[in-house]
Amino acid sequence: MMQERLKTLFFIIAPIGITAALILLWEWAANSGVIEASKYGQPSKIFDELQLWLEDGSLWKHTLATLAVVVIGQLLGTVLGCALGSAMGLSKFFNAVFEPFLIFFNAMPRLILFPFFVLWLGFGDSPKIITVMLVVVTLITVTVADGVRETQGDLVANMRVLGASRWGMASQVYLPSLTLRVTGASRVTMSYALQAAIAAQFVGSESGLGYLVNLGRQGFEINMVYAAILVILVLALILDWLLTLVENRATRWMPARR
């Protein structure tokens, strides 16, 4: 028992220790002139940048701007993907109609459509949200369609023999079987959504973490870029942790997760 605890403690401490050692080595190299601080950055300057953002409130402003685009785009993409995926999984007609479009959008980088959305809708949040939604919807649609097809079989036939209504089939068969798939896929699409939101905020934005990255890039402020990237990484970890909690709660009925 003690050996297992020590092993667990080691796996927690080791990454933290390695990261701290690399940061100290980086700081020493920048201070001693081994590397050019203006080109490669300096940890102390990065944290100074973060402290400045905290003091003037810009950190929360830009983080919330990115978070709003990610969450709204993720929700819209998930809802639309669930609807399209269910239709494609249940109906051969809908599958034949929508599958060519799905293949097209899956093969095409959705970010190349962003300039068109800006041209049509302006430089507000709408083009960014639509871009994020298109990034999310394809994977969710494929996941749900495959899940519906795999669900159909003896279980569905037995439920129909027992006189289950459409609502009963949806709530007791399809919904539980798709819950794990959608929540698992959402952890993947959330990372894609965050990347799309950051990239979209490079163009014509006045707020957001992507705006901060682009502002630092244009001004050759490498420490600002690193600071914004650090915030993005922390935000990504928090979002993944929250989705893991949702996944565990939504699938707690499964014997393997008890």
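Please verify whether region 209-218 includes one or more residues that are modelled with pLDDT of 90 or more, on the phi > 0 side of the Ramachandran plot and buried (at least 18 other Cβ atoms within 10 Å of the Cβ). Step through it out loud before you land on a result.
In the first step, residues of region 209-218 are kept if they are modelled with pLDDT of 90 or more; the result is 209-216.
Still in the list and also on the phi > 0 side of the Ramachandran plot: none.
No; the residues of region 209-218 include none that is modelled with pLDDT of 90 or more, on the phi > 0 side of the Ramachandran plot and buried (at least 18 other Cβ atoms within 10 Å of the Cβ).
Would you be able to say whether some residue in region 204-212 is among the aliphatic types (A, V, I, L, M), under 29 Å from Leu119 (Cα atoms) and in a helix (DSSP H, G or I)? Full working, then the answer.
Within region 204-212, the subset among the aliphatic types (A, V, I, L, M) is 209, 212.
Now narrow it down to the ones that are under 29 Å from Leu119 (Cα atoms): 209, 212.
The next check asks that each one be in a helix (DSSP H, G or I); those that pass are 209, 212.
Yes, because at least one residue in region 204-212 is among the aliphatic types (A, V, I, L, M), under 29 Å from Leu119 (Cα atoms) and in a helix (DSSP H, G or I).
Residues checked against (1) under 20 Å from the mean Cα position of the chain (by Cα); (2) in the same structural domain as Arg110 (by TED's automatic domain parsing); (3) modelled with pLDDT under 85:
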position: Ala197; (1), (2), (3): yes, yes, no
position: Ala200; (1), (2), (3): yes, yes, no
position: Ile222; (1), (2), (3): no, yes, no
position: Val246; (1), (2), (3): yes, yes, yes
position: Trp253; (1), (2), (3): no, yes, yes
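State whether the residues of region 51-65 include one that is over 29 Å from Thr131 (Cα atoms), modelled with pLDDT of 90 or more, of a type outside the set (Asp, Glu) and surrounded by 13 or more Cβ atoms within 10 Å (Cβ to Cβ).
Yes: one or more hits.
Looking at region 197-208 only, could you name the residues that are buried (at least 24 other Cβ atoms within 10 Å of the Cβ) and at positive phi?
Gly208
May I ask you to list the residues in region 33-50 that are modelled with pLDDT of 90 or more and hydroxyl-bearing (Ser, Thr, Tyr)?
Passing the criteria: only Ser44.
Please tell me if Ala83 is free of Cβ contacts under 8 Å to residues at least 60 places away in the same chain and either farther than 28 Å from Gly124 by Cβ or of a type in the set (D, E, K, R) (or both). It would help to see each step written out before you state the result.
On the way: free of Cβ contacts under 8 Å to residues at least 60 places away in the same chain: yes; either farther than 28 Å from Gly124 by Cβ or of a type in the set (D, E, K, R) (or both): no.
So Ala83 fails the test.
If the requirement is being at pLDDT 90 or above and aliphatic (A, V, I, L, M), which of these qualifies: Leu6, Leu22? Break it down stepwise before answering.
Values: Leu6 fails: at pLDDT 90 or above.
One residue alone meets the criteria, Leu22.
The values are calculated or read from the model by the stated rules, or taken from the named source; none is laboratory data. What you see is a predicted model, and the numbers here were worked out from it, not measured in a lab. Glycine also receives a Cβ, built like all others from the backbone with ideal geometry; neighbour counts cover every protein chain displayed.
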